[in-house]
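Structure, as structure tokens:
The values are calculated or read from the model by the stated rules, or taken from the named source; none is laboratory data. In this text the structure is predicted, and so the values were computed from the model without any measurement. Virtual Cβ from ideal backbone geometry, glycine too; neighbours counted across all protein chains shown. For the accessible areas, the whole protein counts, side chains as well, though only heavy atoms, and no ligand, DNA or RNA atoms are used. Shrake-Rupley method; radii C 1.70, N 1.55, O 1.52, S 1.80 Å.
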Amino acid sequence: MELTTWRELCDRGRDLVLCLDFPGGRAAAGFADLAAGAPVELCFLHIAWSGLHTDSTLDAHIAQWVGEALGTGRPVRAVLGFCAGTALATRVADAVSATAGAAPPAVLLFDAATVADDALRDQFVSSVQASAAHLAEGELDDARQWSRELLATGRDDLPRVASALVDRYGRLMSGIAERLSLGETIRRELTDGFAAYLAYLLLAAQGGLDLRVGTPMFLSSRDHKLPVDPARGISFGVDRERLLGDADVWRVVAGVLGEERS
């Protein structure tokens, strides 16, 4: 199938499973691991880099994501979300349910989280701190204090906050690149990756964990604290990094997705 805003994880059946997580990937287990391990005959799709646009609203993204998925002519069996992506998965599921002739998909939310207004600053600080060994003296403390003041005065305008954080991060990375004689390509990749993740968080901040139709199932790692009191939930004795790569989780997912849709 020809896709632009989704990338295929596996295709073992007709029905689609849409997976919402940051498309940049992470060291921890991801939806690719779940798609490979879950014993179900389904087609798993994951949002792609090309599906993220910093100048579009969540509604515009949802329309594009859902339109392309349903445009394949295949029914959507389920929508899955991880962490901040859970707030996007519910909105994708709502859009599928609202489509004429479409059955409401199952919704599975892994380590569900909502994006608070301080999440952007937290990501900035952690990203800058990861490069602390290469920063000039005082730059880390200055970045922390500056970002704290920025958020205090800009909570009502998160896009402006995100833009300022990306600009400051870019300038810090430029200084590191110059000191370490790194190429412009590496500096741009670092800044672009950070900007993409903040754009993703801005989208998630417009979502939520509620559904118009049906009840989501919450699947959580060992120490995860849910921001809501779920009607349906399971906690697994595994760390967050292994949640999507755990065989017990795969079996539960297969049990839910293998059910006949009502």
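General remarks:
- For segment 115-134, the tally of residues that are among the polar types (S, T, N, Q), under 20 Å from A84 (Cβ atoms) and free of Cβ contacts under 8 Å to residues at least 60 places away in the same chain stands at 2.
- Among residues of segment 206-225 that are charged (D, E, K, R), those with a Cβ under 8 angstrom from a residue that is assigned to a loop (DSSP other than H, G, I, E, B) and open to solvent by 70 Å² or more (accessible area, probe 1.4 Å), sequence gap 6+ or separate chain, pair up as R212/A98; R222/D239; D223/D239.
- Of residues in segment 1-32 being touching a Pro at 6+ places or on another chain (Cβ under 9 Å) and not in a strand (DSSP E or B), the one farthest from L243 (Cα to Cα): R14
- Output for segment 151-163, where each listed residue is surrounded by 12 or more Cβ atoms within 10 Å (Cβ to Cβ) and either among the polar types (S, T, N, Q) or modelled with pLDDT of 95 or more (or both): S163
- Those residues of segment 212-236 which are part of a loop (DSSP other than H, G, I, E, B) and either at positive phi or of a type in the set (S, T, N, Q) (or both), in sequence order: G214, T215, S221
- Scan of segment 57-69 for residues that are open to solvent by 30 Å² or more (accessible area, probe 1.4 Å) and either closer than 15 Å to Y200 by Cα or touching a Ser or Thr at 6+ places or on another chain (Cβ under 6 Å) (or both), ordered by number: T57, D59, A60, Q64, E68
- Filtered residues of segment 115-141 (kept if assigned to a helix (DSSP H, G or I) and under 18 Å from S163 (Cα atoms)): A119, L120, R121, D122, Q123, F124, V125, S126, S127, V128
- Identity of the residue in segment 237-260, under 16 Å from L80 (Cβ atoms), of a type outside the set (G, A, S) and outside any helix (DSSP H, G or I), that ends up modelled with the lowest pLDDT: E259
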